[in-house]
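The values are calculated or read from the model by the stated rules, or taken from the named source; none is laboratory data. Just so it is clear, the structure is predicted and the values come from calculations on it, not from any experiment. Positions of Cβ are generated from backbone atoms using ideal geometry, with glycine treated the same way; all protein chains shown enter the neighbour counts. Heavy atoms of the whole protein, side chains included, go into the accessibility calculation; ligands, DNA and RNA do not. Shrake-Rupley method; radii C 1.70, N 1.55, O 1.52, S 1.80 Å.
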Amino acid sequence: MKVFRIICDSNGTVVYLGETCEGSMHDKSIFDELTVETQGLNLLLDLGFQGAEKTCPSAILPYKKTAKKELSKLQKSINKEISKERVLIENVFNRMKRFSIIRNKIRLRSDHARHLVMMLAAGIHNLRNSFRNPLLNHS
């Protein structure tokens, strides 16, 4: 299975679409290979990116429960607020998967063709999003 790297802004617009990588590759390894300048960006990440805050100090990760210690009420409420914000990217993935070629296994042989299909889906998503969000519609 192939995985795509996507960064979206707070309006749900896809601003970065990276090359495909293997689904078995760890999230942190994907982040380390990211060639986007992340300085000045607040990145909301999930626990798969544990350790990313060392290379990107503005990365925001949820608190992780340890085997020996439960999370405090404050940590749980912070995690809840982070997940409320992170749901935006999950919604972007969901909207892009409306296209059955993205939802199902892409049987195209070349990675370049798969990337082009994903770029088209992201472009159509951004177009639909610009008409959905009145802040982005400049007419």
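Here are a few things to note about the model shown:
- If you go through region 89-103 and keep only what is touching a strand residue (DSSP E or B) at 6+ places or on another chain (Cβ under 7 Å) and either at positive phi or open to solvent by 100 Å² or more (accessible area, probe 1.4 Å) (or both), you end up with nothing.
- Leading residue by the ranking (most open to solvent (accessible area, probe 1.4 Å)) among those in region 104-124 that are more than 23 Å from N91 (Cβ to Cβ) and not in a helix (DSSP H, G or I): R109
- Filtered residues of region 79-88 (kept if open to solvent by less than 60 Å² (accessible area, probe 1.4 Å) and in contact with a strand residue (DSSP E or B) (Cβ under 9 Å, 6 or more places away or on another chain)): I82, R86, L88
- Each residue in region 39-66 was checked for being surrounded by 14 or more Cβ atoms within 10 Å (Cβ to Cβ) and hydroxyl-bearing (S, T, Y), and 1 of them qualify.
- Test result for K76, in contact with a Phe, Trp or Tyr (Cβ under 9 Å, 6 or more places away or on another chain), open to solvent by 60 Å² or more (accessible area, probe 1.4 Å) and either within 23 Å of F131 (Cβ to Cβ) or modelled with pLDDT of 80 or more (or both): yes
- Selection within region 105-127 - within 19 Å of T13 (Cβ to Cβ) and of a type in the set (D, E, K, R): none
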